[in-house]
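The values are calculated or read from the model by the stated rules, or taken from the named source; none is laboratory data. Everything quoted here is computed from the prediction, not taken from an experiment. Here Cβ is always computed from backbone atoms with ideal geometry, including for glycine, and neighbour counts include all displayed protein chains.
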Amino acid sequence: MKKTKIYFEDIKEGDSYKLGPLFVSKEEVIDFAKKYDPQPFHISEEKAKESLFGGLCASGWHTCALYMKMLCDSFIKNLASLGSPGMNEIRWIKPLFPNQEIFGNVTIISKKPSKSKPNIGSMITKSEVYNENKELIMTLESISIVRKRNEK
């Protein structure tokens with residue numbers, strides 16, 4: 001079993017980690033939307049041409065799921081993570097179009113030890129996701145709970 005590398009004590013405000021890249025195909029965009037967000041501009045190329053976006057685009061929730069995959073693969077796999085109580089903010093800046101690669105970063109904004117549980121702490125992170133043209137497509141601010149090194 002792989003040992004966790006990053007504990008609460010190791011985290012510093014301002015630390016930043018790269019995420020991705022990750023490719024999203026047209027088929028993935030349509031499949032996700034059919035299951036979870038079946039709006040016309042996510043499932044029909046013809047109807048999407050008439051939309052505000054001008055073409056087929058991924059659901060914002062799909063973009064969030066892709067972000068989570070990159071976050072897990074690039075950061076959480078090495079973090080003593082105990083989960084998250086939620087997000088403070090999600091912003092979809094630009095649509096994610098099919099057959100593009102995305103990447104991003106996550107930066108630690110703040111951290112604080114728990115007052116009631118001495119074995120954990122929380123951190124607030126700010127993440128940015130970009131398309132392959134280096135255009136910002138999404139920002140997120142989230143809260144994570146992280147285990148301390150010397151506690152079980």
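Assorted remarks:
- Conditions (1) of a type outside the set (Val, Ile, Thr); (2) surrounded by fewer than 16 Cβ atoms within 10 Å (Cβ to Cβ); (3) out of contact with any Ser or Thr (no Cβ under 7 Å at 6 or more places or on another chain): number failed by Phe75: (2)
- Selection within segment 129-146: residues that are of a type outside the set (S, T, N, Q) and surrounded by 18 or more Cβ atoms within 10 Å (Cβ to Cβ). The member of this set that is nearest to Gly83 (Cα to Cα) is Val146.
- Condition check for Ser116: at pLDDT 95 or above, exposed (fewer than 13 other Cβ atoms within 10 Å of the Cβ) and not aromatic (Phe, Trp, Tyr): yes
- Matching strands (runs of 3 or more DSSP E) fully within segment 95-147 where at least 3 residues are touching a residue at least 60 places away in the same chain (Cβ under 8 Å), under 17 Å from Lys18 (Cα atoms) and of a type in the set (A, V, I, L, M): 100-113, 136-147
Condition check ((1) under 19 Å from Ile124 (Cα atoms); (2) in contact with a strand residue (DSSP E or B) (Cβ under 6 Å, 6 or more places away or on another chain); (3) not small (Gly, Ala, Ser)) across all residues:
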{"position": "Glu9", "(1), (2), (3)": "yes, no, yes"}
{"position": "Asp31", "(1), (2), (3)": "no, no, yes"}
{"position": "Lys35", "(1), (2), (3)": "no, no, yes"}
{"position": "Pro38", "(1), (2), (3)": "no, no, yes"}
{"position": "Met68", "(1), (2), (3)": "yes, no, yes"}
{"position": "Phe75", "(1), (2), (3)": "yes, yes, yes"}
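- So Lys49, is it among the basic types (Lys, Arg) and within 13 Å of Val129 (Cβ to Cβ): no
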